[in-house]
Every structure is written in structure tokens, then in C-alpha cells.
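Enquirer: There's a structure below that I have some questions on.
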Number of protein chains: 2
Amino acid sequence: MSLTHSAQGDLGQLLAQRTGRGRSDAIRQILAAATAEGVLSLAGGIPTPDSFPVSRITAAMDRVMAGRAVTALQYAPTEGVPSMREALARLASATGASVTADQVLVTSGSQQGLDLIAQVLLDEGDSVALEDPSYLGAVQVFRRAGARLLPVPGDRDGMRTDILAERLSAGDRCKAVYVVPHFHNPTGSVLTPERRRHLAELSDRYGFVIIEDDPYADLAFVGSRLPSTDLYGERVVRLLSLSKTLCPGLRVAGLVAPPALIGELVTAKQCSDLQTNTLGQYVLSELLADPEFLPGHVRRLRQLYRSKAGALAGLLHERLPWLSFDEPRGGLFLWCSITDPLVSADRLYPIALAEGVAFVPGSPFCVDRAGAQQLRLSYASLDAAQRSKAVDRLSVAFGKALADASRPDSRS
Amino acid sequence: MSLTHSAQGDLGQLLAQRTGRGRSDAIRQILAAATAEGVLSLAGGIPTPDSFPVSRITAAMDRVMAGRAVTALQYAPTEGVPSMREALARLASATGASVTADQVLVTSGSQQGLDLIAQVLLDEGDSVALEDPSYLGAVQVFRRAGARLLPVPGDRDGMRTDILAERLSAGDRCKAVYVVPHFHNPTGSVLTPERRRHLAELSDRYGFVIIEDDPYADLAFVGSRLPSTDLYGERVVRLLSLSKTLCPGLRVAGLVAPPALIGELVTAKQCSDLQTNTLGQYVLSELLADPEFLPGHVRRLRQLYRSKAGALAGLLHERLPWLSFDEPRGGLFLWCSITDPLVSADRLYPIALAEGVAFVPGSPFCVDRAGAQQLRLSYASLDAAQRSKAVDRLSVAFGKALADASRPDSRS
């Protein structure tokens, strides 16, 4: 639409003409509130700083700056620095089908991987199926791309692929199916091998792309992680995140895509930000060049998070009988239900914040379902003393919310 | 469009359904060829490694890793690390209207700034006016956003704002005008104060946003840089690049935008990549905290590039009489015309490459005009011996191209 002269051309109006890309972001406000002075946060999915291999990263950085400083500060190819592409190909091959470096695109975090896939794959009005509830960052990307969301219920074993199959058989179509196969955010579910296989069959049959977003896979508390869906399907784009296993602040991640997609993704990446920061790629590929490092580090991480998860679960069982949840199997989150119908998570949230404890209410993660009784707790950040105090504050907050809700005039 | 069963759903077809976002990128191939073994490159706009303040960056990095390693490796706000926003606000204020940190968004290079502005501002079919020829990375972003390009001729003094005014007065409309005000890529033009003021008046009158992309501003060979357009207009988004003044490999840049836009840009950034890498922000804000550093470094840079530019210009005058160009005033490029109509830049290019010297033909930068006789030479990368050899190779290549073109059967 064209702009008319003078006063009419103001910025507010320019923006008001836009097509709804500017929805305000509830969860950003929630996470901002969680970092306020005096608030103990069970909200963010932020890895604990104890988990960062600081001395190893510093040593790798020193080696890079001593030997290749000028290269590490210069422009690099859009696809990624060769050693980083190779490192990511090795990581991907260790837990899935064999991957070569030319199938890897280095991205500025997995979030960029999602955004690039949406750019390359989706046109306005295309459908994307995804588990309901789902990772909010993915939902936002798909919505911004103009996609219609096809929410599919899940359970402890991940997306109900039988329900997806029914819908496809009834005529629904989608260009992509988005899954977080291991320790799903927010639900903690793990997609079973049977459902992975089923999903791959459906992908073959209906021609959709499987977007496999798998940042928590290494954080399994028991046994070893399951293989990736790419063992079973040829239309899989895998996002490889290092944010939860190494650290998030370097913003170096990658994706593995079939040859038919990778060229388009590189072009999209070039338009988006030319390339991922060179220094971070050299530092992480230097670190990952030691084959001993990552397996040992991941063992330590699993131990660390298993202990944090167990401790939080124990406290919740003991002190918050109104909260139900599945025992954590990996990842960073507990997905909980408030069993008392008088108190919703949205109602509890501001009272908890006033008591000095933050969590994320379930509703922002939900597409179709209400999620009013759900909430997500992260055990990643707090130490033992903080954890205990946070649970006590939640208990006090719940008491107040219940008292509030039980007053005769409160249900209006 | 919906996908049908079985074999029809293959990836190639998925992509073939897309709406023309996948145009292959001529300049990427040109720049890739320029890095081949034995090729002397006058092609890329890549800063010379001599210009990187390596020891200062290393020292800043050491201080960050000694004092704040965990914070520098952790997630950071989408808007940017506060000290980096403040550093960018100080830089912007030094050469334009007074800017506060809350008007600054840290971006993953200026390229991302362009992409975010396009996301927030442009709908399919909106027009963007820009100088013809223009920076290809910007052209690509606007095209991907579905914008129509409104090319406006330029000269040594930048965009012909009188021609833009005529078109607007005749009924053309645009949502944004894109300018590279100092030492334009590829032409080297500098927008005069009169035209800046005129552009700001037009922006007020017609309500378009001025996108000011200014990576070369500090690289003035004589006098001091001119103030930014934001002195004259309230609808200006300024892109602040550090790639040519510090180094490109950290991918830390910023943009300054009016309050009405900044929130939308932050939301777009969050979807695109959550945040710019934390480490790079801490390192550069640490470096820029010393107020003495940048002015001295920039003085040295100007000297360095002035001397390189002068040396290349001298050699061209001496040995390539068939090439005409304006004397360089700043930036990284010479925009040249081949004066012999028998030889076009596209014809010369493969012959030059075979001789072991690369440049960028003009046509990829051009929107409407042909640019067949133009080419862009960068004086940034080569040292004195390489420069001399590169010019000799260009001379040989031209001789061969001319001989080729003069053969009776060659004009078919």
C-alpha cells in the first residue's frame, strides 16, 4: 500500500500496516521478571555456569589467538569454517546416520537454523505440524513465516504419531513436522523408536520434512541417548546445538540437511548474517579436535543435571503435594500440573513472583490446548540452598493463591 | 498448495514450489574463484589483516576471560550486552545526533541489521529506492523480502536526490530509501550535505525510512568524515559496522533506530538468532572502553588505506590507460570503467582469472543499468609486490581480450 504525503507517513502507521508479525512476546517479559533482584528463578532454560568447560575453552582460545589470530578475526565462508563443519559432521555421525562436512551448515545458534529452514521451506499458509505444547522459539519462527500450525497431542513418549497419521489420512497436509525428540521442552518427553520409525514412514509417504531440534539429547540421566530420526528418514533436517553441552554464548551451532536443501539454506544464511562469527568456530573446533574431551565432559554434565533434577523432584514431592509431574529422565525441565483446580498457573505466577520465585506458566507453550494448570520448572540454575528456598516460596505462594481463590468474591 | 501422496513429495519439488527466493548468487562464485590458489585478488571487500588490532583484541579477550568468563559464555539479552549497546551509542553520537543505549540493537554484523529492517518494514510488493549500482548484499535482502526496487541514478556526490524527488512527485512511492553515504560500495561516492538534507526533507514529506549503511565512513583519506543523515531526519535507521574499522570475524555490529521501530526489531532479532554472540560483545566493549584507542587506530587505518589506494591508482594510471576512474577519497574500492567499447568487464573477467588476477565485474551490482563496462577493484588486501603483479596480469588479460574481440569472428 502506498504512503500519502506529509503527516500520514509516520512510523507508527508504517508499522500498523504490517501483517501481524509484531505480536508481543509474553515469555520475554516472564524471563526478564525472573532475573529481577531477589527473585530465585526456576524459569529460564539457561545452563548452569558450573557446566561450562571454562578452562578448556580459554585454553583453546589462547591457542587460536597465538596461532591463527588474523584468520579467526577475518571473514569466513557462509557455510562455516571447514574445521567446524567437520567437527559438527563427526558429532552428527556419532548419533545418527553418517554425515559429511558438505551436508553441514554452521549457524548462529540453533534458533537461526530454525529460522533459515522456515525461510527456505515455508510459504504463507503452509502448515507445520508440531507437538502441543512446543518450544516457543520454534512456534514464533513458524508463525512469523506465515505458517499455519497443526498441533498434535503428545504424551510421555513424544508426539502421538498415530494421531498425526489419522489427520494426514483424513486430508490434512503439512510441509514440515517439528520434533524435539529427546527431553522435549517443555514436556520432557522422549520420542520412542517406534514413533520415530512411524514418523519417518509418514514423511516418506506424505513428503514432509522432519525438523529435528535436539539440544538436550546428551543430557540423558539413565542409559544412553537414542539414535536420531535421520536413521529412519531421508527428509530430515537436524539442528545441532552446543548451547547446553558446551556453552550458549559463542552462538555456534549447525544443521545437517539433505543436498537438495543445503544450497538454499546457505543462500538464506548469507542474506541473514553473511556467516557465523569466525572466532567462536575456531575456538570450538579446536576444543572438539580432542576426541577425549566431549565424552568425558558430557558424562560430568549428566551427573550434574541428574543430581539437580533429583534434588528438585525430591523437594517437590516432599513439600508441594499439589504439584504432579513425571520423574525427570534428562534435559533441563520438569513439566508440572497443579492438581487443585482452584489454582491455575497464570493465577499462581504473579503471587509467586511477589514471593521471590519465578517459573514459566504453561499457556505460552500451548498452541491449541489451554495449559492453564501446567507450569515449567527448570532445575538448571539454582544451587541447593536456593532450590530449597525457591520451593518454600512456591509453597507459600500456592497457599496465598488458594486462599485468594477460596474467597467467595474471587471467582468472578 | 498441498502435497500429494508418495513419490510426489520429494524435496526438489517442495523447493520448486517456492516463490523464487533461491536465485543463485553470482558474486559468491566470483569471490570463491578469487580465493583460488595462485590468484591475486582485487575482488573482495575484505579488510587487510594488517589493519586488525590483534594485540589489543587479544588483551581485551584475556581480561574478559580472566574476569567474566562465565558471563561471556552465557546467554545474553536479545538487545545486546549493556556495555556494548553503550559503546555503540557513544560511537553513533560522535558522528551524528545524540543516541542513547536503548535506541541501539546489537546485531550479528550489519548484514543482519539490513535483514531485520526488511523483516520489520517491508511487505511483499513494497518499494525500496536505492542508488544504482548498489551493495549486492542489500539488494539481495530487499529482493528476498519481496520488495520492488526503485533504482535511482547516482554520481560522485551520491544518490541523485533530485531524480528521486521527481519520481516521488510523479507518484512513485517507497517505504525505504537505502543509502551508503560515505565511500559507497561499489562506486566510492560520498553523499553531499545538500543531498543529505534534501533526502531528509523528502523523508519527512513522503514518510519513508532512510536506511543508512555506513561501514566505510571512518576510512576517509582527506579531511574528516561528514556527519550522518540522522542529523537531518527523524526516520533514519543507522547501521553501525565495526568490520572495516576493527575486524569482521567477531560479527558484532549494531543499529540505531527510532523508538517506534526498535521493539519490533528486537522481536525479529529474537526469532532470527536469539542474540549476538556474547563473547564478541564483551571483548569489543572492553576494547572500546578505552577512549584513546579508536581515534588512534582509525588514524592509522586511514593512512594505511590511503597509501594502498594511492599506490593502486598510480599503477593503473601508468599501466592501464584503458581504465578510467575517480581518484579515491576513502573506503576500500575503485569503481572503474573500461574505455574501450570492444572489451566488456564480463568478457575480461574469465581471461583475467586465467591470468591469475580477480576483480568483480560491475553488472551484479546494477539493478537497472547494464554496467557492462564497469568493474570494481579493491585495494584492501594486496601488498606492494602483489599489487604490481596483479596490475601486470590485468594488462596482459586486457591485451588478450582485445585481440579476441578484434578477431573478425568474435562479435557473433
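Enquirer: Give the lysines reachable from A:LYS175 as a straight Cα distance under 25 Å; neighbours fewer than 8 places away on the same chain don't count.
Expert: Straight-line reach from A:LYS175, under 25 Å: A:LYS269, B:LYS269.
Enquirer: Quick one: which residues, 5 or more positions from A:VAL360 or on another chain, have an amide H under 5 Å from its amide H? H modelled 1.01 Å from N in the peptide plane, none for Pro or chain starts.
Expert: A:ARG376
Enquirer: Partner chain Cβ atoms within 10 Å, averaged over the residues of A:138-151 - can you pull that number for me?
Expert: Average neighbour count from other chains, rounded to a whole number: 1.
Enquirer: Sorted from shortest, what are the nm distances separating the label point of B:ALA32 from equivalent points in the other copies, each placed 7 Å from Cα along Cα to C-beta?
Expert: 4.3
Enquirer: Mind putting a number on the dipole of segment B:55-290 about its Cα centre? Charges go on the C-beta only, +1 for Lys and Arg and -1 for Asp and Glu, and I need it in Debye to the nearest 20.
Expert: So the dipole magnitude of segment B:55-290 works out to roughly 300 debye.
Enquirer: Now, a different point. Could you name the lysines whose alpha carbon sits less than 22 Å from that of B:LYS400, not counting residues in the same chain fewer than 8 places away?
Expert: Once the sequence-local lysines are set aside, what remains near B:LYS400 is B:LYS389.
Enquirer: Taking only Cα atoms and a 10 Å spring cutoff, compute GNM fluctuations for chain A and point out the largest among A:ASP62, A:ASP340, A:ASP290.
Expert: Among A:ASP62, A:ASP340, A:ASP290, the largest GNM mean-square fluctuation belongs to A:ASP290.
Enquirer: Given the C-alpha centroids of segment A:163-221 and segment A:108-149, what is the distance between them in whole angstrom?
Expert: One Cα centre to the other: 14 Å.
Enquirer: To one decimal place, what Kirkwood hydrodynamic radius in Å is obtained for segment A:76-290 from all pairs of distinct Cα atoms?
Expert: About 17.2 Å for segment A:76-290.
Enquirer: Starting with the fewest neighbours, write out A:LYS269, B:LYS400, B:LYS175 ranked by other beta-carbon atoms found within 10 Å of each beta-carbon.
Expert: Starting with the residue having the fewest Cβ neighbours, the order is B:LYS400, B:LYS175, A:LYS269.
Enquirer: Another question about this same structure. In nm, one decimal, shortest first: how far is the label point of A:ARG167 (7 Å from Cα along Cα to beta carbon) from the matching points in the other copies?
Expert: 4.5
Enquirer: Per-residue HN-Hα couplings for segment B:197-209, Karplus 6.51 cos²θ - 1.76 cosθ + 1.60 at θ = phi - 60°, whole Hz, x for Gly and Pro?
Expert: 5, 4, 4, 5, 4, 5, 4, 5, 6, 9, x, 7, 8
Enquirer: Related question: Hey, which aspartates and glutamates would be in cross-link range of A:LYS244, C-alpha to C-alpha under 15 Å, not counting anything within fewer than 8 residues on its own chain?
Expert: Counting by Cα, and skipping residues close in sequence, A:LYS244 has these aspartates and glutamates nearby: A:ASP50, A:ASP213, A:ASP214, A:ASP218.
Enquirer: Oh, and also: With +1 on each Lys and Arg Cβ and -1 on each Asp and Glu Cβ, and nothing else charged, work out how big the dipole of chain B is about its Cα centre, in Debye to the nearest 20.
Expert: 500 debye
Enquirer: Across peptide B:67-76, how many C-beta atoms of other chains are within 10 Å of each residue C-beta, on average?
Expert: Whole-number average of other-chain Cβ neighbours for B:67-76 is 6.
Enquirer: Still on this structure, I have one more. Taking the Cα centre of the protein assembly as shown as the origin and placing charges on Cβ (Lys, Arg +1; Asp, Glu -1), which of B:SER241, B:CYS174, A:VAL177 is farthest toward the positive end of the dipole?
Expert: Final value for the positive-end residue is B:SER241.
Enquirer: Under the rule a/c < 1.5 gives rounded, and otherwise a/b versus b/c splits prolate from oblate, where does segment A:191-272 land using the Cα gyration tensor?
Expert: Oblate, since a/c reaches 1.5 and b/c is not below a/b.
Enquirer: If each residue of separation counts as 0.36 nm, what is the full-extension length gain between A:LEU342 and A:ASP62 once their alpha-carbon separation is subtracted?
Expert: Difference between extended and current length: 95.1 nm.
Enquirer: Can you give me the relative contact order of chain B as a percent, contacts being Cα pairs under 8 Å and 6 or more apart?
Expert: 22 percent
Enquirer: Just want the ordering: B:SER324, A:SER388, B:SER127, from fewest to most Cβ atoms lying within 10 Å of their own Cβ.
Expert: Going from sparsest to densest Cβ surroundings: B:SER324, A:SER388, B:SER127.
Enquirer: At 0.36 nm per residue, minus the direct Cα-Cα distance, what do A:ARG197 and A:ALA354 gain on full extension? Give it in nm, one decimal, please.
Expert: Extra length from A:ARG197 to A:ALA354 when fully extended: 51.9 nm.
Enquirer: What is the antiparallel percent of DSSP beta bridges lying wholly in segment A:76-290, to the nearest 5?
Expert: Of all bridge pairs located within segment A:76-290, approximately 35 percent are antiparallel.
Enquirer: Could you point to the residue in A:GLN386, A:SER272, A:VAL54 farthest towards the positive end of chain A's charge dipole, with +1 and -1 charges on the Cβ of Lys/Arg and Asp/Glu respectively?
Expert: A:GLN386
Enquirer: Over chain B, with a Gaussian network built from C-alpha contacts below 10 Å, which listed residue (B:PRO291, B:PRO151, B:PRO193) shows the highest mean-square fluctuation?
Expert: B:PRO291
Enquirer: Please list the non-local residues whose amide H lies under 5 Å from the amide H of A:VAL367, H modeled 1.01 Å from N, same-chain partners needing a gap of 5 or more.
Expert: A:SER134
Enquirer: So, one more: Can you list, shortest first and in nm, the gaps between the label point of B:PRO291 and those of its counterparts in the other copies, using a point 7 Å from Cα in the C-beta direction?
Expert: Reported distances to equivalent positions: 5.6 nm.
Enquirer: Only four residue types carry charge here, +1 at the Cβ of Lys and Arg and -1 at the Cβ of Asp and Glu. Report the dipole size of the protein assembly as shown about the Cα centre in Debye, rounded to the nearest 20.
Expert: 620 debye
Enquirer: I want to verify a result. In a Gaussian network model of chain B, Cα cutoff 10 Å, which of these has the top mean-square fluctuation: B:GLY113, B:GLY399, B:GLY330?
Expert: Sorting by GNM fluctuation, first place goes to B:GLY399.
Enquirer: Further question: Rounded, prolate or oblate: which fits chain A when a ≥ b ≥ c are the square roots of the eigenvalues of the alpha-carbon gyration tensor, with rounded for a/c under 1.5 and prolate only if a/b beats b/c?
Expert: Here chain A falls in the rounded category.
Enquirer: Determine, at each q value in 0.07, 0.09 (inverse angstroms), the log₁₀ of I(q)/I(0) that the Debye formula gives when each Cα of the protein assembly as shown is one equal point scatterer.
Expert: Computed log10 I(q)/I(0) values: -0.55, -0.91.
Enquirer: Then there's this: Report the label-to-label distance for A:ARG90 and A:ALA289 in nanometres (one decimal), using points 7 Å from each Cα along the Cα→Cβ vector.
Expert: Once both label points are built, they end up 1.0 nm from each other.
Enquirer: Based on other C-beta atoms within 10 Å, arrange A:THR187, B:THR48, A:THR100 from fewest to most.
Expert: Listed from fewest to most nearby Cβ atoms, that is A:THR100, B:THR48, A:THR187.
Enquirer: Calculate one ³J(HN,Hα) per residue across segment A:100-106 by plugging θ = phi - 60° into the Karplus curve 6.51 cos²θ - 1.76 cosθ + 1.60, and present them in order as whole Hz with x for glycine and proline.
Expert: Computed from phi, the couplings for segment A:100-106 are 9, 4, 6, 8, 9, 10, 6 Hz.
Enquirer: Please list, ordered by chain and number, the residues whose modelled amide H lies under 5 Å from the amide H of B:PHE183; skip anything fewer than 5 residues away on the same chain.
Expert: Here B:VAL190, B:LEU191 satisfy the definition.
Just so you know, all these numbers are worked out from the coordinates, no wet-lab data involved. On a predicted model such as this, the values are computed, not experimentally measured, just so you know. Please note: Cβ atoms are built from the backbone with ideal geometry, for glycine as well, and neighbour counts cover all protein chains shown.
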